[in-house]
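The values are calculated or read from the model by the stated rules, or taken from the named source; none is laboratory data. Quick caveat: nothing in here was measured; it's all calculated off a predicted structure. Here the Cβ is made from the backbone with ideal geometry for all residues, glycine too, and neighbour counts use every protein chain on show.
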């Protein structure tokens, strides 16, 4: 046996309070020696409490065996009796470089759920493989979990090298096998270390029984892992936990998952698109703060009375979450009942909870071969990629961009039934918002000057309603009448825009949201130029119309062109309802995709109840009154 080094002096060099603990997981097949490795790591780095070694020796003697380092970790009696780890265990130690938290993930197949939850917290992982047994099913399964959870700092520990008489050829055979398997996953092990956890070979010091190995020890390897970028340096993510009314203030409360926020910052609340400035950062029974950072719970007051609720996400405008009704998930299914298309499950992301329907199963991944298989269900302990859809607009981060908010918990009937990482949005191009250094020029012609020249201010009249409700007919009639009255008006019709500016967009939820965003941006420019813009779009979701309102600003006027589905389907001017009923068009608003009627529109025109002429008269009257009020304001300024 190697001499046991003592690194107790190192424990005085770095205090846990001075440096964040580096979390890493130890995974592998049952009985390959994970707990033994951890026990030995604690001992060889001088991290065991006084008297713990004697206690360990006594426990081993009581069972009539040799000293079992794994007894340090196996806290359940069932584990000691069966020799397996059931629960995920966390334990602390430190080296000369930094403090660590070890996540001991169970290797037994029946406790895969605990392994997943443990690994999800890690920044790196050690995959332990028995030198005699080689790569086993759970070795491959755990390697796949590492890859699916996005861990890229992975090293392989070939344990029990003493059982193969320190044979370099056998070690190399195991190393080649696991290297080839990891390569199929796109993983490159940072090191492959031969050890004997029981005897301490190559744990904290190099072993003289492996002269053919000239690589790192386990401790050296751990110290070489790179710590993740501090959460405080990442873009702001503040999931809203609740909103409280406290004396005269409305407090927006939540825990900052990443980034920083300070008084005066402009925050956008996804998925609403609404923005406000931070007026104060409150603290209970203490003076207000000027700033706060990741890991802190805060209560914000804003300079505007926005409708904000639990599940919304505060972010800086230049780097917001992705907004979508559909998402592609890579999930671990842990329920005994399989997951099938059409199932409705809960998707919990930070404080948000969405009800999603399984639109389809893209692939189930075979753990042994890594093949992507076509399947009509995801079995218990299965790993799959699925497409889900929510009727509610979701604010999501991708796992590759935000590790903390790019992961989700799956629920069914209130029970946790799986975990997931968010891969993307229904296979469409990601419309990421990246920081850009742009500067808008200052116009020398003011809005007041344009209004004076035109005789009216610019405005956006946003007509929303089901297909067949009469939006386009009203829009064109309104344009004609306003032009006859000397007004500068122009119609932005949805079909016209999709033939040109938005011809690159499809008709999925993400593309439809982008279609509305682009239309709103164009309408804003036209309105700023002094035109009355008449936008005619179905725009079925309230959140997307709210986003359009936020883009345009005070000149936005929402008009609900209302007609019940039966009336619209009877009209069916473009034949779209018939095609949707025949299954030729999917996700058609009113048939298999919802329409969210405006709750507080500026005007409602029920075309099922009134004639086109009466509806047009009401619309013209509204527009003229709105413009007349603005004309008066400009006159007052002059």
Checklist entry - Being more than 35 Å from the chain's Cα centre (by Cα), surrounded by fewer than 17 Cβ atoms within 10 Å (Cβ to Cβ) and over 30 Å from residue 611 (Cβ atoms), is that true of even one residue in the range 450-462? => result yes
Checklist entry - Among 180, 143, which is part of a helix (DSSP H, G or I), without any contact (Cβ under 8 Å) to a residue 12 or more places away in the chain and over 24 Å from residue 95 (Cα atoms)? => result 180
Checklist entry - Which pairs have Cβ atoms under 8 Å, sit 6 or more apart or on different chains, and link a residue in the range 156-175 that is touching a residue at least 60 places away in the same chain (Cβ under 8 Å) to one that is part of a helix (DSSP H, G or I)? => result 157/37; 157/218; 159/36; 159/37
Checklist entry - Of these, 272, 324, which one is in contact with a helix residue (DSSP H, G or I) (Cβ under 8 Å, 6 or more places away or on another chain), touching a residue at least 12 places away in the same chain (Cβ under 8 Å) and part of a loop (DSSP other than H, G, I, E, B)? => result 272
Item to check | the range 254-269 - residue that is closer than 22 Å to residue 323 by Cβ and not in a strand (DSSP E or B) and, of those, nearest to the chain's Cα centre (by Cα) | outcome: 257
Checklist outcome for this item: Of the residues in the range 183-219, those that are closer than 19 Å to residue 33 by Cα and not in a loop (DSSP other than H, G, I, E, B) come to 192, 193, 194, 196, 201, 218, 219
Checklist entry - If the Cβ limit is 7 Å and pairs must be 6+ apart or interchain, which residue in the range 329-346 that is touching a residue at least 24 places away in the same chain (Cβ under 8 Å) and at positive phi pairs with which residue that is buried (at least 19 other Cβ atoms within 10 Å of the Cβ) and assigned to a loop (DSSP other than H, G, I, E, B)? => result none
Item to check | Every residue from the range 326-337 that is under 15 Å from residue 413 (Cα atoms) and in contact with a strand residue (DSSP E or B) (Cβ under 6 Å, 6 or more places away or on another chain) | outcome: 333, 334, 335
Checklist entry - Does residue 625 satisfy the criteria of being exposed (fewer than 14 other Cβ atoms within 10 Å of the Cβ), modelled with pLDDT under 90 and under 19 Å from residue 458 (Cβ atoms)? => result yes
Item to check | Answer from 238, 251 - the residue that is on the phi < 0 side of the Ramachandran plot, surrounded by 21 or more Cβ atoms within 10 Å (Cβ to Cβ) and not in a loop (DSSP other than H, G, I, E, B) | outcome: 238
Next on the checklist: Restricting to the range 368-409, name every residue that is out of contact with any helix residue (DSSP H, G or I) (no Cβ under 8 Å at 6 or more places or on another chain), outside any loop (DSSP other than H, G, I, E, B) and farther than 30 Å from residue 540 by Cα.
Outcome noted: 372, 373, 378, 382, 384
Next on the checklist: Just to be sure before I move on: is residue 615 modelled with pLDDT under 90, over 37 Å from the mean Cα position of the chain (by Cα) and buried (at least 18 other Cβ atoms within 10 Å of the Cβ) in the structure I sent?
Outcome noted: no
Next on the checklist: If residue 99 meets every condition in (1) surrounded by 21 or more Cβ atoms within 10 Å (Cβ to Cβ); (2) at pLDDT 80 or above apart from one, which number is that one?
Outcome noted: (1)
Next on the checklist: Checking the structure you have, find out if any residue of the range 495-510 is outside any loop (DSSP other than H, G, I, E, B) and more than 30 Å from residue 326 (Cα to Cα).
Outcome noted: no
Checklist entry - Taking the range 179-219 as the search range and keeping residues that are under 39 Å from the mean Cα position of the chain (by Cα) and farther than 22 Å from residue 102 by Cβ, which one is surrounded by the fewest Cβ atoms within 10 Å (Cβ to Cβ)? => result 186
Next on the checklist: Suppose we filter the range 38-78 for residues that are modelled with pLDDT of 80 or more and either assigned to a loop (DSSP other than H, G, I, E, B) or in contact with a strand residue (DSSP E or B) (Cβ under 6 Å, 6 or more places away or on another chain) (or both); how many remain?
Outcome noted: 4
Checklist entry - Can you name the residue in the range 532-584 that is surrounded by fewer than 16 Cβ atoms within 10 Å (Cβ to Cβ) and in contact with a helix residue (DSSP H, G or I) (Cβ under 8 Å, 6 or more places away or on another chain) and is also farthest from residue 466 (Cα to Cα) among such residues? => result 553
Item to check | Given (1) buried (at least 20 other Cβ atoms within 10 Å of the Cβ); (2) under 30 Å from residue 141 (Cα atoms), number of the condition residue 228 does not satisfy | outcome: (1)
Next on the checklist: If the requirement is being in a helix (DSSP H, G or I), under 18 Å from residue 478 (Cβ atoms) and in contact (Cβ under 8 Å) with a residue 40 or more places away in the chain, which of these qualifies: 527, 550, 535?
Outcome noted: 527
